[in-house]
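**Student:** Attaching a single structure in structure tokens format; questions to follow.
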Amino acid sequence: MNADGQTETTSTLTVLGPEAHRLDGAPAEVERNLKRLTSVGKPLPDVEVRILNDDSTELPPNQIGEVVIRTPREMKGYNLNNLKWVHIEGGPEFDYPINYWLAILGAKPESGCLDFLVKWEPDSYCHFHRHIGDTTTLIREGEHHVVETTATQTLHKIRKPGHYSRTPDGESHMEYAGPEGSLVFFSMQSADGRLFEILDKDENVLGIATVEGLVAGQLTS
């Protein structure tokens with residue numbers, strides 16, 4: 001039996017039962033089970049799962065999108081007072097208001113893994129950046145904006161509390177909070193410990209954030 005979930009929902013969200021692991025019987029049944037083994041199974045009775053596109057529209061079956069979950073077991077928040085927060089602001093070289101806080105929740109430098117919270121002040125930005133490793137995000141509080149830029153388009157995503165996504169290394173993007181600020185959980189992993197690049201407006205690399213650097217309280221190395 002396989003189970004999939006996340007810490008913020010007290011673990012298990014979906015289960016692939018033992019019957020789906022049987023590879024004996026009629027050929028049609030074996031083929032069906034082989035397909036099921038590539039999935040995370042079915043949601044538990046108290047879990048709702050949807051797949052959404054970039055505009056937060058629900059997608060039909062067999063389409064790729066972002067996984068969004070809802071369950072009464074979802075965490076209501078963190079005890080933020082017990083965390084060590086690092087305050088990060090931008091200098092005069094940036095023409096947008098950079099004002100956010102970062103707190104480490106857990107780290108495994110040997111495997112390039114880092115879990116952390118970022119708290120944005122109202123209507124404030126983090127640095128323009130590009131993720132290098134796989135990234136999981138969960139919006140905990142406030143309205144959070146993500147603006148992704150490519151050579152042919154700009155996508156502006158507005159994410160609400162409870163929005164969950166997992167993405168590979170991706171496009172250059174900007175993140176900023178709505179009028180009440182925002183709080184976002186991040187879980188990042190990169191084989192060499194490099195997590196994201198800080199960029200200037202022309203996408204030149206100004207610095208690289210690493211697992212060891214962030215644990216030491218340094219944004220870039």
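**Student:** Taking the Cα centre as origin and putting +1 on Lys and Arg beta-carbons and -1 on Asp and Glu beta-carbons, what dipole magnitude results for region 164-221, to the nearest 20 debye?
**Tutor:** For region 164-221, the charge dipole is close to 200 debye.
**Student:** Using 0.36 nm per residue, how much length does the chain from Asp46 to Thr149 gain when fully extended, once their Cα-Cα distance is taken away? Could the numbers behind the result be given before it?
**Tutor:** On the way: separation 103, 0.36 × 103 = 37.08 nm, distance 3.71 nm.
The span from Asp46 to Thr149 would gain 33.4 nm if fully extended.
**Student:** Which of these, Arg166, Arg36, Arg194, has the largest mean-square fluctuation under a Gaussian network model of the chain (Cα springs below 10 Å)?
**Tutor:** Of the options given, Arg36 has the highest mean-square fluctuation.
**Student:** For each of Val205, Val67, count neighbouring Cβ atoms within 10 Å of the residue's Cβ, then give the residues from fewest to most.
**Tutor:** Val205, Val67
**Student:** Quick one: length gained pulling Leu59 to Met1 fully straight, 0.36 nm per residue minus the C-alpha distance?
**Tutor:** Details: separation 58, 0.36 × 58 = 20.88 nm, distance 2.72 nm.
Using 0.36 nm per residue and subtracting the Cα-Cα distance, I get 18.2 nm.
**Student:** Give me the lysines in straight-line cross-link reach of Lys108: C-alpha distance below 19 Å, same-chain residues under 8 apart excluded.
**Tutor:** Lys84
**Student:** Additional query: On a 0 to 90° scale, report how tilted helix 27-36 is relative to the longest principal axis of the chain, with both axes built from alpha carbons and the result rounded to the nearest 10.
**Tutor:** Once rounded, the angle reads 20 degrees.
**Student:** What per residue convex hull volume, in Å³, comes out for region 2-70 when only alpha-carbon positions are used?
**Tutor:** 100 Å³
**Student:** Which FRET efficiency value, to the nearest 0.05, do you get for Ser221 and Asp115 by plugging their Cβ-Cβ distance into 1/(1 + (r/R0)^6) with R0 = 25 Å?
**Tutor:** Plugging the Cβ-Cβ distance into 1/(1 + (r/R0)^6) gives 0.85.
**Student:** Rounded to the nearest 0.05, what FRET efficiency is calculated for Arg130 and Arg70 with R0 set to 35 Å and r the Cβ-Cβ distance?
**Tutor:** The formula returns an efficiency of 0.70 here.
**Student:** May I ask you to derive the FRET efficiency for His21 and Arg166 from their Cβ-Cβ distance with R0 = 35 Å, giving the value to the nearest 0.05?
**Tutor:** Numbers: r = 24 Å, r/R0 = 0.68.
Efficiency, rounded to the nearest 0.05: 0.90.
Each reported figure results from applying straightforward, stated rules to the coordinates on display, with no laboratory input. Treat the numbers as computed from the prediction; the structure is a model and nothing was measured. Ideal geometry is used to build each Cβ from the backbone, glycine not excepted, and the neighbour counts take in all protein chains shown.
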